[in-house]
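First up is the structure itself, then whatever we jot down about it.
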Amino acid sequence: MKRFLVSGFADFGIEVESGVSNAELQGTNITGTWLAAPKVIRTGASRPIAVELLNSLRGFDPGPFPDPRRLPEAALRFTKKFGPLTIPYRAGLAFRFPVAGWWLAIHQLRNAWAAISHSSREKATIDIPLDLGEYFRFANGGLTFRTHRLDTFVVLEIASVLAPRLSVCANNRFDCRSPYFIASDKREKYCSESCARAGKRRANLEWWNKNRKGGKDGTQKTR
Ligand SMILES: [Zn+2]
């Protein structure tokens, strides 16, 4: 795993209030209780929440299509670690949301990843609608935006801090386990050394299949 360095706005912070004291699966819903005092999560972690979230199904189910039977498990694991994705923090109160809503939010945030990545390259404008009760705070020469929704935090994390280096692994259609990654270089195609090796093996195999009938001897280049 490559080291991640925060770029973008040095004096601009984004925070979200979240955290649960318990969470469990009840039928097709996840229910639980918010922490009495919020855990405040900030951008700039070594592994952005956006990346954790968008890859959260892959850890259960390698391959491009998530197994719907594994969704509740993945949603519960994420919720216990970070909190409910699509509802605002309410100190000490109970919460309840459908697993299907969690999946829909991931789907929308994946689209946001692709759209923001495109806008960033094209230097286009991006509008991100916000929830009520959220605020900007100017303090100590910096500017911080405070939200109480994790999905708002994630989309702002994608747009403000990560936009220039949003990538999806070229091994995505095959067996990549964490295709959403932050490239350290624009030309980086693979999320990891193992995906790069797998990609190279496939390219070699394709070359071999294409050329073996062409009268070439198939001698491999040394690297
Ligand atoms: Zn990969």
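The values are calculated or read from the model by the stated rules, or taken from the named source; none is laboratory data. Here the structure is a predicted model, which is why all the values come from computation and not from measurement. For neighbour counting, all protein chains shown are included, and Cβ atoms are generated from backbone atoms with ideal geometry for every residue, glycine included.
Of all residues in the stretch 9-31, which are out of contact with any Ser or Thr (no Cβ under 7 Å at 6 or more places or on another chain) and either surrounded by 13 or more Cβ atoms within 10 Å (Cβ to Cβ) or not in a strand (DSSP E or B) (or both)?
Step one: of the stretch 9-31, the residues out of contact with any Ser or Thr (no Cβ under 7 Å at 6 or more places or on another chain) are 10-11, 17-19, 25-29, 31.
Of everything in the stretch 9-31, those that are out of contact with any Ser or Thr (no Cβ under 7 Å at 6 or more places or on another chain) and either surrounded by 13 or more Cβ atoms within 10 Å (Cβ to Cβ) or not in a strand (DSSP E or B) (or both) turn out to be Ala10, Asp11, Glu17, Ser18, Gly19, Leu25, Gly27, Thr28, Asn29, Thr31.
Out of the stretch 191-207, which residues are of a type outside the set (Ser, Thr, Tyr) and either more than 12 Å from the ligand (Cβ to nearest atom) or under 17 Å from Val51 (Cβ atoms) (or both)?
Cys191, Cys195, Lys200, Arg201, Arg202, Ala203, Asn204, Leu205, Glu206, Trp207
Regarding the stretch 150-159, can at least one residue be identified that is surrounded by fewer than 18 Cβ atoms within 10 Å (Cβ to Cβ) and away from the ligand (no atom under 16 Å from the Cβ)?
No, that holds for no residue.
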Of all residues making up the stretch 178-196, the number that are without any contact (Cβ under 8 Å) to a residue 24 or more places away in the chain, buried (at least 21 other Cβ atoms within 10 Å of the Cβ) and under 14 Å from Ser117 (Cα atoms)
0
The stretch 161-190, residues that are hydrophobic (A, V, I, L, M, F, W, C) and more than 10 Å from the ligand (Cβ to nearest atom)
Val161, Leu162, Ala163, Leu166, Ile182, Ala183
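Restricting to the stretch 164-177, count the residues that are surrounded by 15 or more Cβ atoms within 10 Å (Cβ to Cβ) and either assigned to a helix (DSSP H, G or I) or charged (D, E, K, R) (or both).
Residues in the stretch 164-177 being surrounded by 15 or more Cβ atoms within 10 Å (Cβ to Cβ) and either assigned to a helix (DSSP H, G or I) or charged (D, E, K, R) (or both): 2 in total.
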Please give the number of the condition Glu134 fails out of (1) within 16 Å of the ligand (Cβ to nearest atom); (2) surrounded by 14 or more Cβ atoms within 10 Å (Cβ to Cβ).
(1)
Listed residues Arg149, Arg201, Arg137, Arg177; which is touching a Phe, Trp or Tyr at 6+ places or on another chain (Cβ under 9 Å) and modelled with pLDDT of 85 or more?
Arg149
If we ask which residues in the stretch 105-125 are farther than 14 Å from Leu162 by Cα, β-branched (Val, Ile, Thr) and surrounded by 10 or more Cβ atoms within 10 Å (Cβ to Cβ), their number turns out to be 1
